[in-house]
Amino acid sequence: MDADRVLEGARPVPFWLDDPARPEPAPALHEDVRADLAIVGGGFAGLWAAVEALERDPGRCVALLEGGVVGIGASGRNGGFCAAALTHGHENGAARFPDEIDEIERQGLENFRGINETIQRHGIDAEWEETGYVSLARRAHQLEALAEAASGWSSDGTQARFFDGRAIQEIVRSPAVIGGLKLTGGSALVHPAKLAWGLRDVALAGGVRLFERTPVRAIDPDGAELVLRTDGGRVRARRVVLATNAFAPLVGGIRSRIVPVYDHVLMTEPLSAERREAIGWRGREGLGDAANRFHYFRLSADDRILWGGYDATYHFGSRTAPAFEQDERVHRRLASNFFATFPQLEGLRFTHRWGGVIDSCSRFSVTFGSAFGGRLAYSAGYTGLGVGATRFGAMTCLDLVDALETERTALRMVREKSLPFPPEPVRWLGIQATIRAYDRQDRTGRTGPWLHLLDRIGLGFQS
């Protein structure tokens, strides 16, 4: 495989956002305004907060401020996998919240159905496909783990089917795959940018005042109001929802609990009929490896293959920068691993290559908090699960700022924050050690002392 050739000409922008039909940016803020509710961040979490706030109270004055344009962050850069899971899988959730995991999963399925209902009710063309998700084994110990998970599966909202040996080729034809576990129910594929743009339209139609290219520099209390300071003006609001995820925390207590990790993605050219037949994949399921360092892959509406994951890159000091979105080494490795998985597609070219920053936290699923006496609430730490879980997070934040006692705020996963990460340089050293340990576990199936230690102190994937 000649990486230079297959990557030549690939546009260094997210495929989803590279669309001439994308909306024109809303005007930036150039005056002082007042609102009942101000929302910082125009990704999924902020958009859902705006839409749901007006569902609850159509007369509420809502202002939404975005530093770039709607969907420019993780919401327009992800793979488009929408899951009902709120805790990064049953095992991780059951280990951390054993007494309420059934309730968490019930609420997760309800949230998932609410996303689809909103899409249908408002006619959002988000390319929603409930095709199921398949976790694929490449090694014997992964196959054993999937078989065990299938035999003990118990869920009201999803069904599991185990595929062994040649049977997995019914799903997707790849010599690198030796089995898999297919889950149906509570999983969908979506065009993430179109979902973000559709929610934007719904919010605007409801009367939300949207200010794009308006980064918020600070949030300060002033009597009964909070003041959001920008370069062009101020927004005074009684309540604030902070939905910046991996970027600019703005209030204390978030930075120590979140690490920004860069994930990278490739998108192929559309497959010809012959190439499409060569890989099977008639069910169009979302696919991912059953490993810690995993690839996720899916088909687009026009039969391109999105291929991402494996390397998660952390930069010392929790730095974020546009320059980190392009990584020649990572993109070349992605291309190499793609053709190792699908050698029958040799010669296929990639049209887009990009990266984006994921907000990860120590429990690998969303964490919540508040500031200014409860007048501001935030959600962060989605760790790659934001397409679905951000609606739950947004609704929970609205519950918190409105001082409502709901089934969401009753959850311990909402009431208790994730454990903080240590300061530098321990943070960087720990992350590098963890990546190496995950790599060994993927190759050998053995957990090892470092991962055992993380589990004991509550920082492991299934602590």
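Readers should treat all values here as calculations from the given coordinates under stated rules, not as data from a laboratory. Here the structure is a predicted model, which is why all the values come from computation and not from measurement. Because the Cβ atoms are built from the backbone with ideal geometry, glycine has one as well, and the counts that use them run over all protein chains shown.
Key figures
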{"item": "Packing-based ranking, highest mean first, of 159-168, 175-184, 363-372, 329-338 given that Cβ atoms within 10 Å are counted", "result": "363-372, 175-184, 329-338, 159-168"}
{"item": "Computed over the range 223-348: relative contact order in percent, which uses C-alpha pairs under 8 Å that are six or more apart", "result": "25"}
{"item": "Relative contact order of the chain, defined on C-alpha pairs under 8 angstrom at six or more residues apart (%)", "result": "24"}
{"item": "Compactness relative to 2.2 N^0.38 Å, alpha carbon Rg of the range 408-460", "result": "1.41"}
{"item": "Descending semi-axes in whole angstrom, ellipsoid equivalent of the chain, from the Cα gyration tensor", "result": "35, 25, 22"}
{"item": "Global form of the range 1-141, assessed from the alpha-carbon gyration tensor, a/c cut-off 1.5", "result": "oblate"}
{"item": "Residue-averaged [θ]222 nm for the chain, counting only DSSP H segments that reach four residues, each worth -39500 (n - 2.57)", "result": "-9500 deg cm²/dmol"}
{"item": "Stretchable slack from Thr320 to Ala278, in nm (0.36 nm times residue separation minus alpha-carbon distance)", "result": "11.1 nm"}
{"item": "Cα-centre dipole for the chain with unit charges at Cβ (Lys and Arg positive, Asp and Glu negative), debye to 20", "result": "900"}
{"item": "Directionally averaged projected area (convex hull, Cα atoms, the range 1-80), nm²", "result": "7.6"}
{"item": "Bins of 5 Å, starting at 0 and running to the largest distance - Cα pair percent for the range 192-265", "result": "3, 12, 17, 20, 20, 17, 8, 2, 0, 0"}
{"item": "Spacing of the two label points (7 Å from each Cα toward its C-beta) at Ala340 and Ala218, in nm", "result": "5.1"}
{"item": "Gained length - Arg443 relative to Glu8, 0.36 nm times residue gap less alpha-carbon distance", "result": "153.4 nm"}
{"item": "Value in Å of the Kirkwood radius, where the range 341-463 supplies the Cα pairs that are averaged", "result": "17.3"}
